[in-house]
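Asks: This structure is in structure tokens; I'll ask about it shortly.
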Amino acid sequence: MEARWRSSAKPVQAPKTTKTVSFEEVSGKASSSEALPLSLHLTNAVFFSLFFSVVYFLLSRWREKIRTSTPLHLVNLSEIVAIFAFIASFVYLLGFFGIDFVQSLILRPSTDLWNSEDEEENEALLRKEDARKIPCGQALDCSVTSAPIISAQKVVDEKPVKLTTKEDEEIIKAIVAGTTPSYSLESKLGDCKRAASIRREALGRITGKSLSGLPLDGFDYESILGQCCEMPIGYVQIPVGIAGPLLLNGKEYSVPMATTEGCLVASTNRGCKAIHLSGGASSVLLKDGMARAPVVRFGTAKRAVDLKFYLEDPENFETLAVVFNRSSRFARLQGIKCVIAGKNLYLRFTCSTGDAMGMNMVSKGVQNVLDFLQTDFPDMDVIGISGNFCSDKKPAAVNWIEGRGKSVVCEAIIKGDVVRKVLKTSVESLVELNMLKNLTGSAMAGALGGFNAHASNIVSAVYIATGQDPAQNIESSHCITMMEAVNEGNDLHISVTMPSIEVGTVGGGTQLASQSACLNLLGVKGASQESPGANSRRLATIVAGAVLAGELSLMSALAAGQLVKSHMKYNRSSKDVSKTS
Ligand code: ADP
């Protein structure tokens with residue numbers, strides 16, 4: 001609250017700009033003081049003096065009337081004026097100090113959940129799961145934290161792209177007219193930034209829509225060419241928060257999370273604290289194999305079965321592995337699992353892929369094997385290199401059961417007093433909630449790999465920060481969270497089992513500057529020098545560790561909310577608590 005009042009009085013210095021931007025400009029809110037002819041301090045002083053003098057005047061008049069036995073409702077002109085002045089100054093002072101003060105007390109969550117001690121914060125955390133569905137600002141007052149983001153956009157907006165050259169103007173006109181395809185700009189101009197700015201200007205003219213707010217400057221467009229994004233016109237800014245230190249397998253990690261969801265980083269941070277105070281978490285990699293499953297068709301089911309038996313015969317594995325592994329020095333075939341649907345065969349190849357997430361690598365290996373098989377099975381008709389039995393970016397039981405990418409289990413024993421003091425709940429409540437929500441509730445919902453509270457929240461935020469494919473959060477978020485009371489019921493054993501974490505530290509978006517910086521922070525940037533695959537495997541264990549922290553914190557908030565709710569129900573029955581959770 002302090003910061004907010006100071007912000008409204010003083011201008012805020014926007015980063016990287018010479019222009020000073022006031023808080024009202026930054027937040028887009030008009031201050032009531034802007035409408036006043038006097039300065040804010042002077043106006044406040046005038047209304048304060050007015051308020052106290054009329055109160056003094058009215059009280060003395062009241063005393064006089066009681067002394068002289070004059071009826072109180074008989075008022076003269078000076079008293080009428082004083083009453084109006086009283087009402088006006090009261091309304092002003094209430095509006096200026098009262099409403100914001102009350103709102104900030106009720107709505108503002110603490111930014112440091114590690115030190116949270118009071119019940120208000122438990123309530124804020126309790127509201128978190130629902131608040132996530134509402135844009136930031138409707139559920140929580142995010143005005144202070146959002147200011148730097150908006151001001152950063154202002155910096156970009158202050159430098160509009162100037163398209164002054166005649167040549168550029170000609171190209172824009174050609175794109176608008178449809179005589180030059182927009183996608184050819186990079187190759188024609190040989191300058192990716194210029195291509196993006198020309199495309200953006202043409203798009204603005206074609207659609208008549210403003211792109212103000214979508215930055216163009218400050219990004220290396222060469223770095224995405226042919227790898228990450230086609231036909232760029234700018235980039236979207238996502239704030240990166242930090243949760244941690246996460247103490248995992250004896251090492252501390254500061255976990256970067258790119259998100260626009262308030263409370264998510266703070267909550268994960270609180271989970272990290274609980275894990276740290278309890279001696280840390282440990283995680284074990286169970287499997288590491290990316291999968292790709294082409295679909296091939298034969299004239300008869302019998303021929304499809306012939307190929308299935310051939311591929312599954314251990315005697316043929318060596319030959320197939322040699323053919324497959326030619327695709328890359330990092331790809332190593334692990335196995336082929338076949339399923340039949342009539343005369344169609346789905347061949348699920350699994351291979352290790354070093355530090356790459358491995359989709360390209362596995363696809364190349366599969367292509368090599370298909371080409372090789374064509375000699376012995378000339379009647380094999382390759383319908384598609386991906387037949388959805390892989391299964392990529394879709395919820396599928398095959399990934400939940402067999403795993404895809406890295407399969408990891410991560411566990412921690414959280415001490416009883418940490419559960420009480422940091423997580424503000426009890427071991428018993430957490431175990432009960434986990435059983436009824438994550439296990440039974442998800443079973444009732446017919447969940448597929450969704451036996452958790454919000455694994456996908458953490459997975460997506462870490463994926464975006466570290467340049468992973470965010471669409472793979474679908475199977476990467478498959479997770480079962482287990483909780484059990486241990487050490488005679490005093491402590492909590494929590495684990496997350498995640499069979500399909502698909503991550504890489506080379507290739508794709510991982511080489512971009514921001515994402516690469518986040519990987520560097522975790523100590524897993526690029527290819528591992530010690531052993532190929534060590535970086536991506538460690539990243540998978542960190543993802544699981546961060547999910548463990550996120551599960552612990554949200555489940556505790558919910559469990560504590562249950563306590564708060566019943567506490568309020570039985571002690572403050574006049575309040576409608578059903579609307580608080
Ligand atoms: P993906 O297969 O995840 O889509 P790419 O197609 O970009 O990723 O493949 C990764 C590239 O990085 C390959 O060309 C591979 O040879 C190279 N590479 C270099 N070092 C490694 C490593 N340690 N592990 C895996 N790939 C590596």
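The values are calculated or read from the model by the stated rules, or taken from the named source; none is laboratory data. The structure presented is a predicted model; accordingly, all values stated were derived computationally and were not measured. Neighbour counts run over all protein chains shown; Cβ positions are idealised from the backbone, glycine included.
Asks: Please work out which one of (1) within 16 Å of the ligand (Cβ to nearest atom); (2) touching a helix residue (DSSP H, G or I) at 6+ places or on another chain (Cβ under 6 Å) is the condition Gly507 fails and give its number.
Replies: All conditions are met except number (2).
Asks: Moving on. Scan the stretch 320-341 and tell me whether some residue there is part of a helix (DSSP H, G or I), among the aromatic types (Phe, Trp, Tyr), surrounded by 21 or more Cβ atoms within 10 Å (Cβ to Cβ) and not assigned by the TED database to the domain that holds Thr510.
Replies: Yes, the stretch 320-341 contains a residue that is part of a helix (DSSP H, G or I), among the aromatic types (Phe, Trp, Tyr), surrounded by 21 or more Cβ atoms within 10 Å (Cβ to Cβ) and not assigned by the TED database to the domain that holds Thr510.
Asks: May I pose another question? Look through Leu248, Leu286 and report the one residue that is of a type in the set (A, V, I, L, M) and buried (at least 21 other Cβ atoms within 10 Å of the Cβ).
Replies: Exactly one residue qualifies, and that residue is Leu248.
Asks: Looking only at the stretch 356-380, which residues are farther than 24 Å from Leu519 by Cβ, buried (at least 22 other Cβ atoms within 10 Å of the Cβ) and within 14 Å of the ligand (Cβ to nearest atom)?
Replies: Correct list: Gly365, Val366.
Asks: Please tell me if Gly342 is under 23 Å from Ser476 (Cα atoms) and small (Gly, Ala, Ser).
Replies: Here the answer is no, as Gly342 does not meet what is asked.
Asks: Being over 17 Å from Lys287 (Cβ atoms), aromatic (Phe, Trp, Tyr) and within 16 Å of the ligand (Cβ to nearest atom) narrows it down to one of Phe317, Phe324, so name that one.
Replies: From the options Phe317, Phe324, the qualifying one is Phe324.
Asks: Mind checking which pairs have a first residue in the stretch 423-435 that is in the same structural domain as Thr481 (by the TED database) and a second that is modelled with pLDDT under 95 and aliphatic (A, V, I, L, M), Cβ under 6 Å, 6 or more apart or different chains?
Replies: From the stretch 423-435, the pairs are Lys424/Ala560; Thr425/Ala560.
Asks: Going by the structure shown, is Ile458 crowded, with 23+ Cβ neighbours inside 10 Å and β-branched (Val, Ile, Thr)?
Replies: In short, yes.
Asks: Now for a separate question. At least 1 residues that are over 30 Å from Ala304 (Cα atoms) and under 24 Å from the mean Cα position of the chain (by Cα) in each: list the strands (runs of 3 or more DSSP E) lying fully within the stretch 371-487 that qualify.
Replies: Hits in the stretch 371-487: 405-414, 479-486.
Asks: Right, here's the next one. Can you pull out every residue in the stretch 381-408 that is surrounded by fewer than 19 Cβ atoms within 10 Å (Cβ to Cβ), more than 16 Å from the ligand (Cβ to nearest atom) and of a type in the set (A, V, I, L, M)?
Replies: Val382, Ile383, Ala397, Ile401
Asks: Can we say Val422 is touching a Leu at 6+ places or on another chain (Cβ under 6 Å), buried (at least 22 other Cβ atoms within 10 Å of the Cβ), modelled with pLDDT of 95 or more and under 20 Å from His454 (Cα atoms)?
Replies: When the stated conditions are applied, Val422 does not pass them.
Asks: Now a separate question. Cβ-Cβ under 8 Å, sequence separation 6+ or interchain: first residue in the stretch 344-367 and of a type in the set (Lys, Arg), partner in a loop (DSSP other than H, G, I, E, B) and more than 9 Å from the ligand (Cβ to nearest atom). Which pairs?
Replies: Arg348/Ala293; Arg348/Phe389; Arg348/Cys390; Lys364/Ser327
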